[in-house]
1. Would you mind checking the pairs 40/86; 202/251; 26/219; 111/144 and listing those with alpha carbons more than 23 angstrom apart?
2. Net charge around residue 313, counting only other residues with Cβ within less than 13 Å of its Cβ (Lys, Arg = +1; Asp, Glu = -1)?
3. Would you mind telling me which residue in 305, 319, 230 has the biggest mean-square fluctuation in a Gaussian network model of the chain, where springs connect alpha carbons within a distance under 10 angstrom?
4. Over segment 354-411, what is the relative contact order in percent, taking alpha-carbon pairs closer than 8 angstrom and at least six residues apart?
5. As an exercise, take the mean of 1/r over every pair of distinct alpha carbons in segment 291-406, invert it, and state the Kirkwood radius in angstroms.
6. Is the shape of segment 95-141 best called rounded, prolate or oblate, per the rule: a/c under 1.5 gives rounded, else a/b larger than b/c gives prolate, else oblate, with a ≥ b ≥ c the square roots of the Cα gyration tensor eigenvalues?
7. Output the relative contact order of segment 6-91, whole-number percent, from Cα pairs under 8 angstrom with separation of 6+ residues.
8. Counting only other residues whose beta carbon sits under 12 Å from that of residue 132, what net charge do I get with K and R as +1, D and E as -1?
Amino acid sequence: MIPKPLQNCGKCGLCLNVCPVYKILKQEQTSPRGKLQLIKAYDHNTLASSDLLKDIVSKCLMCGSCTASCPSGIDHYSEFMEMRKKMADVQGETLAIKSLIYLLGREYRLKFGSGLARTGQKFVPDKVAKTIKLGNIPLKNFPKLNSTPFRNANDEIILPYKKQIGTVLYFTGCATNYLYEDTGFAFIEILKHIGYKIIIPKDQTCCSIPLLFHGASDKAFKNIITNINALTNHEADAIVVDCSTCGEALKNEYPRIMENQEQGSVEAIKIASKVIDSLSFIDQHFDLLEFDPNVTDKISVTYHAPCHTRNSFGSNTLAEKLLSKLAFVNYKQASDVNECCGGGGTFFYEYPEISKKMVDKKIKNAKAVQASLWITDCPVCRMNLSGNLDLDDKLKVIHPLTLIHSALKQI
């Protein structure tokens with residue numbers, strides 16, 4: 001469906017029922033339809049820029065639920081990103097967001113910054129780390145950074161364990177590269193087990209979604225060009241992602257942004273046609289997985305569906321079915337499995353009060369099903385969920401890939 005202009009908004013209110021922020025605040029101006037009317041007024045010069053307007057537009061998780069449910073076909077997602085750019089240009093950004101944009105704008109900066117942060121984690125005493133918070137998350141609860149960036153720890157080309165049935169490009173994203181190497185190593189082992197040759201382009205960088213969310217489209221564009229070049233330098237059957245937000249960027253944002261460019265638009269469309277999330281890919285090859293027959297103890301598992309998994313790939317129900325097919329898993333569905341956790345990139349940091357209400361509800365309902373593992377395929381969701389658990393909670397948050405890999409038969 002071709003996106004329609006915001007003038008097509010019929011104010012029907014269906015977006016209110018799916019907007020996580022509106023569900024908490026119950027304020028019309030923070031609803032998707034309310035934001036569209038404010039944007040329209042600003043574009044028609046009947047509403048001036050202000051810190052309040054910027055705050056209202058920023059008070060959004062960019063989950064895409066409104067776009068997915070809009071009967072008028074309006075692309076709220078793109079409208080909000082464009083408005084955020086206008087607000088950032090006029091009103092400016094906080095020092096914290098400026099710093100994030102600076103780091104993500106160049107891979108060498110991100111690598112250097114992660115190295116400094118990793119060193120800092122070693123020397124901050126636990127008592128201090130428990131009291132310092134980023135948003136709602138105590139520093140003590142943040143994941144330890146990888147000792148070596150994941151892409152540096154692996155060869156660019158990795159061969160399968162058995163007869164090769166195809167080739168995939170692995171877009172690792174920033175989180176797997178710097179924070180959650182367990183996800184990456186698990187995915188590599190699964191792909192090798194199935195029979196795929198894996199190419200991990202060394203010159204890939206941030207997918208640019210965080211930059212686009214904060215109006216830094218110029219810096220995002222440079223990253224997009226870098227990634228397009230990195231992903232088109234190799235031939236492959238598919239481009240796999242373990243983060244659905246990265247997948248959203250490659251699948252939907254790159255073609256949109258590159259549409260009117262003289263160079264790169266064809267390549268962006270080609271990339272988009274090959275992008276697939278890790279769980280959909282595994283589901284397609286499930287019959288090729290051999291599990292260890294000695295793994296007989298049932299693990300109680302519940303699932304949190306990330307917003308982009310639901311709205312960009314529609315693979316949230318597939319993920320639940322996949323978990324139910326695993327013989328060693330006792331899947332227990334939480335009552336709010338498809339509700340947003342309040343992570344939203346930097347949302348948990350910028351709007352901790354709103355985020356806290358969302359994540360506390362998620363934690364309460366996850367504990368209610370008495371699972372020992374909480375599965376989610378988004379690194380920010382994983383960070384937000386695990387970061388808001390108490391240190392003595394027995395519920396552990398991991399990526400589904402780690403769970404699947406743990407029960408594979410050794411080849």
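Rule-based calculations on the coordinates, nothing more; no lab input. What you see is a predicted model, and the numbers here were worked out from it, not measured in a lab. Don't worry about glycine lacking a Cβ; one is built from the backbone with ideal geometry, like all the others, and counts go over all protein chains shown.
1. Numbers: 40/86 13 Å; 202/251 20 Å; 26/219 35 Å; 111/144 15 Å.
Those over the limit are 26/219.
2. Numbers: positive: 251, 310; negative: 242, 248, 277, 283, 377.
Net charge in that neighbourhood comes out at -3.
3. Result: 230 has the largest fluctuation of those listed.
4. Working: 38 pairs, mean separation 21.2, N = 58.
Relative contact order of segment 354-411: 37 percent.
5. Details: mean 1/r = 0.0694 Å⁻¹.
Computed over segment 291-406, the radius equals 14.4 Å.
6. Taking the square roots of the gyration eigenvalues as a ≥ b ≥ c, segment 95-141 is oblate.
7. On the way: 91 pairs, mean separation 30.9, N = 86.
RCO, segment 6-91: 36 percent.
8. On the way: positive: 127, 130, 133, 140; negative: 126.
So the surrounding residues net to +3.
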